[in-house]
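Chemist: Quick one: structure below, then a few questions.
The values are calculated or read from the model by the stated rules, or taken from the named source; none is laboratory data. Just so we're clear, the structure is a prediction, and the values are computed from it rather than from any experiment. Backbone-built Cβ (ideal geometry, glycine too); neighbour counts: all protein chains shown.
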Amino acid sequence: MGGDTPGAVRRLKLASSQVSYGGQAVIEGVMMRGPRKTGIAVRKPDGVIVVSSRDRVQYSKMHPLLGLPVIRGAVSLIDSLVVGVDALMYSANFSLDEGEKIGKGEMAATVSFSVVLAVGLFIVAPTLVVSLLKNRLGLGGVALNLFEGALRLVILIAYLWTISRFDDIQRVLAYHGAEHKVINAMERNLDLTVESARGMSPIHPRCGTSFLLVVAMTSILLFSFFGWPGIVHRIVTRLLMFPVVAGVSYEFIRLSGRSTSALVRMLAWPGMYLQRFTTRPPDDSMIEVALKALEAAR
């Protein structure tokens, strides 16, 4: 990490090991979230690493209810989306010419389209397909909900596998691996250097990929108790219940990142295996960027 002294590295290591850090890959960079700061590090086309550190909103201090289990998960999801989009826009603008900078309006339109696409692909499409096959399947309400959930799970896995095959996204996936390696090094109380992070796994239990799989599995269990009403009712119910699904999933992901229980590890294994689609081995220059982002998130 450049000019950091050994003492500074040790202080960062000890302070960081007491709390949970997370983040995401961005375009030619990494965003890291700490308890109070968000750090973004991006390597510009000329090779220079630019770093930004921003204060995080302390939602639990705004109102005690926002820090309660399950509720904090829904709040965290919204916060992650807002911070993640901001980090993507920040990183993207370093890759564009001056006259091609992405504005907030363009990013808002892109995010809105992405949300509509996600709702259509993962909520509307599965329930519509099962509705069309209902008479042929001859299943009851619980079984239809389970079948719909299984179809949603298949769509999610197929989606992740498909985007992982795109050449343009390979470097983003490698930065994702760099983010995990650095966090794994920190959580094992190692010196935060390229050398120590290089040997770490690019897989981490608190990854967003694991979260998506847990969301899919939680929705299968939860919606199986809702019967099989009309299609509009089903879609509205799934949308309204999504914050609950996200909150429960967040609590499991949070637990899996800290627990040493064999049962928790077994339940977390499918999500960690799925990360093989969304991470790639990073090179040392990517790990260096991830370390800079973590340093900024102190």
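Chemist: Look at the range 265-285 and say how many of its residues are farther than 20 Å from residue 165 by Cα, among the hydrophobic types (A, V, I, L, M, F, W, C) and either in contact (Cβ under 8 Å) with a residue 12 or more places away in the chain or not in a helix (DSSP H, G or I) (or both).
Modeler: Residues meeting the conditions: 2.
Chemist: Same structure, new question: Within the range 218-239, track down each residue that is assigned to a helix (DSSP H, G or I) and not polar (S, T, N, Q).
Modeler: Result: 220, 221, 222, 223, 231, 232, 233, 234, 235, 236, 238, 239.
Chemist: From the set of residues in the range 79-121 that are acidic (Asp, Glu) and surrounded by 11 or more Cβ atoms within 10 Å (Cβ to Cβ), which is nearest to residue 58 (Cα to Cα)? Lay out the reasoning, then the answer.
Modeler: Let us first name the residues in the range 79-121 that are acidic (Asp, Glu), namely 79, 86, 97-98, 100, 106.
Now narrow it down to the ones that are surrounded by 11 or more Cβ atoms within 10 Å (Cβ to Cβ): 79, 86, 106.
Working: 79: 10, 86: 17, 106: 28 Å.
Going through the qualifying residues, I end up with 79.
Chemist: Test each condition in (1) within 26 Å of residue 205 (Cβ to Cβ); (2) out of contact with any helix residue (DSSP H, G or I) (no Cβ under 8 Å at 6 or more places or on another chain); (3) modelled with pLDDT of 90 or more; (4) aliphatic (A, V, I, L, M) for residue 48 and report the one that comes out false.
Modeler: (1)
Chemist: Considering only residues that are without any contact (Cβ under 8 Å) to a residue 40 or more places away in the chain and of a type in the set (A, V, I, L, M), which ones fall in the range 45-76?
Modeler: 48, 57, 62, 65, 66, 68, 75
Chemist: A further question follows. Within the range 252-266, take every residue that is of a type outside the set (Phe, Trp, Tyr) and crowded, with 16+ Cβ neighbours inside 10 Å and give me the one that is modelled with the lowest pLDDT.
Modeler: Out of the qualifying residues, it is 257.
Chemist: I've got another one for you. Return the residues of the range 135-161 that are without any contact (Cβ under 8 Å) to a residue 12 or more places away in the chain and either at negative phi or within 19 Å of the chain's Cα centre (by Cα) (or both); say none if nothing qualifies.
Modeler: Listed by number, the residues that qualify are 135, 136, 137, 139, 143, 154, 158.
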